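Have a look at the structure that comes next, please.
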């Protein structure tokens, strides 16, 4: 690391870190649009202490060359997504290997501090074409665990979707936040990678996030019960939004609820000037979510892979 120095993350670094993460994904063939606001939320809600759980590598002029973050799992959780990377032009000098080794070491120390009797898993995500990143992960004991799809749809959608009989759609309101959280926890419980979050930490990064678009969020009711929801977020790229969460009550799956929610949201998004919507889908989700998104007009844009290894 000649000419480089290491320091902890500071609040003014959010924009530079977001740009670095986007550049890392782009090197792996994946279009990313992470924003400074996302990094700020990550640090505020998932990093226990920036002084011990973050590392930035900067050059003599203070320009960011690499970053590494060790977010803590939620209470009772087990999975740490190890976030960061090295600028493409800085690869090949051993920086990435040193930072990832530090992340694993710090994750093990964190587990010993807060959950010594729990089995934790470290996770890294990259584009399937990123051969150099994958070589690094495998060298440090990671193995492929799950594949994901980045999908994009036009706004407005090419066609609508019928609302299932007995269901009505309505715009999200803050009074529904706890009901949506309860349904989200229920809908995703048991699915790969899901970690339960209590209401307050969940809300801080979803329906209370500054990126959340409540006017475009939709919920589906059957009688007085919420049976589905879709929560969209703004991105830094003009005209593009991100569908962060979409879920359906188990008893209402495969009846068209999710498709109707997406169609209604996409149609509404044309009003404020959005032209595209993106989302990430688990390629192996047993609920058949990817097929639902394809029918709703989303097309597969890129492929990602999650690598995991035990934290010990």
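Would you please list the contacts, defined by Cβ atoms under 6 Å and residues six or more apart or on different chains, that run from a residue in the range 225-241 that is farther than 17 Å from residue 287 by Cβ to a residue that is crowded, with 21+ Cβ neighbours inside 10 Å and at pLDDT below 95?
The qualifying pairs are 236/35.
A follow-up question, please. Identify, please: which residue in the range 44-69 is surrounded by 21 or more Cβ atoms within 10 Å (Cβ to Cβ) and closer than 29 Å to residue 149 by Cβ and is, among those, farthest from the chain's Cα centre (by Cα)?
Restricting to residues being surrounded by 21 or more Cβ atoms within 10 Å (Cβ to Cβ) and closer than 29 Å to residue 149 by Cβ, the top hit is 66.
Which of the following residues is within 19 Å of residue 25 (Cα to Cα) and in a strand (DSSP E or B): 220, 310, 306?
The unique qualifying residue is 306.
Table: residues versus (1) in a helix (DSSP H, G or I); (2) at pLDDT 95 or above; (3) crowded, with 17+ Cβ neighbours inside 10 Å; (4) in the same structural domain as residue 29 (by TED's automatic domain parsing).
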| residue | (1), (2), (3), (4) |
| --- | --- |
| 75 | no, no, no, yes |
| 92 | no, no, no, yes |
| 97 | yes, yes, no, yes |
| 101 | yes, yes, no, yes |
| 106 | yes, yes, yes, yes |
| 111 | yes, yes, yes, yes |
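Does residue 68 fit the bill of being touching a residue at least 12 places away in the same chain (Cβ under 8 Å), assigned by TED's automatic domain parsing to the domain that holds residue 95, within 27 Å of residue 132 (Cα to Cα) and part of a strand (DSSP E or B)?
yes
Sticking with this structure for a sec: Say whether the condition of being assigned to a loop (DSSP other than H, G, I, E, B), modelled with pLDDT of 95 or more and under 30 Å from residue 264 (Cβ atoms) is met by at least one residue in the range 172-180.
Looking for residues that are assigned to a loop (DSSP other than H, G, I, E, B), modelled with pLDDT of 95 or more and under 30 Å from residue 264 (Cβ atoms), one finds at least one in the range 172-180, hence yes.
Name every residue in the range 263-303 that is surrounded by 19 or more Cβ atoms within 10 Å (Cβ to Cβ) and part of a strand (DSSP E or B), in order of residue number.
The answer is 277, 278, 279, 281, 302.
Return the total of residues in the range 184-206 being surrounded by fewer than 16 Cβ atoms within 10 Å (Cβ to Cβ), without any contact (Cβ under 8 Å) to a residue 40 or more places away in the chain and under 16 Å from the mean Cα position of the chain (by Cα).
Number of matching residues: 1.
Right, something else. Of the residues that sit in the range 234-262 and are within 16 Å of the chain's Cα centre (by Cα) and not in a strand (DSSP E or B), which one is surrounded by the most Cβ atoms within 10 Å (Cβ to Cβ)?
If we take residues in the range 234-262 being within 16 Å of the chain's Cα centre (by Cα) and not in a strand (DSSP E or B), then 235 is surrounded by the most Cβ atoms within 10 Å (Cβ to Cβ).
Go through the range 7-29 and give me each residue that's in contact with a helix residue (DSSP H, G or I) (Cβ under 9 Å, 6 or more places away or on another chain) and not in a helix (DSSP H, G or I).
8, 9, 10, 28
For residues that are surrounded by 18 or more Cβ atoms within 10 Å (Cβ to Cβ) and either over 16 Å from residue 163 (Cα atoms) or not assigned by TED's automatic domain parsing to the domain that holds residue 174 (or both), tally how many sit in the range 219-233.
Total meeting the criteria: 3.
What about residue 168, is it under 26 Å from residue 30 (Cα atoms), in contact with a strand residue (DSSP E or B) (Cβ under 6 Å, 6 or more places away or on another chain), touching a residue at least 24 places away in the same chain (Cβ under 8 Å) and surrounded by fewer than 19 Cβ atoms within 10 Å (Cβ to Cβ)?
No: the conditions fail for residue 168.
Those residues that are within 13 Å of the chain's Cα centre (by Cα) and assigned to a loop (DSSP other than H, G, I, E, B), I need them from the range 30-43; list them, please.
Across the range 30-43, the qualifying residues are 32, 33, 34, 35.
On to the next question. Filter the range 207-218 down to the residues that are in contact with a strand residue (DSSP E or B) (Cβ under 9 Å, 6 or more places away or on another chain) and over 25 Å from residue 163 (Cα atoms), then identify the one that is surrounded by the fewest Cβ atoms within 10 Å (Cβ to Cβ).
Only one residue tops the list, namely 210.
The values are calculated or read from the model by the stated rules, or taken from the named source; none is laboratory data. In this text the structure is predicted, and so the values were computed from the model without any measurement. In this analysis, Cβ positions are derived from the backbone assuming ideal geometry, glycine residues included, and neighbour counts consider all displayed protein chains.
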